[in-house]
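K.L.:
Here it is, the structure in full.
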């Protein structure tokens, strides 16, 4: 005799499995990668990478100096808030 199935038993979700399969194996990966790149650009996390990519043969600052220079340029002038 089979055990009774609990009403709280996990249900199978084939649509979820298909979605993950499409994301991981199909077109979803490049889209997720593009989303991640755009999110890093928007947040400023990729600022140094963009700086290095655009530096053409000139002297490139190291990551720490670039960060300190960007902070100094951001806060050396008073803001227009108050």
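K.L.:
Full-extension gain between residue 79 and residue 46, please, as 0.36 nm times their residue separation minus the C-alpha to C-alpha distance.
P.N.:
9.5 nm
K.L.:
Can you pull the one-decimal nm distance between simple spin-label points at residue 34 and residue 12, each 7 Å off the Cα toward Cβ?
P.N.:
3.4 nm
K.L.:
Rank-order 31-38, 57-64 by packing density, defined as the average count of other C-beta atoms within 10 Å over each peptide's residues, highest first.
P.N.:
Listed from highest to lowest mean packing, they are 31-38, 57-64.
Every number in this text was worked out from the coordinates using simple rules, so none of it is lab data. Remember, it's a predicted structure, so these values are computed and weren't measured experimentally. Cβ: placed from backbone, ideal geometry, glycine included. Neighbour counts: every protein chain shown.
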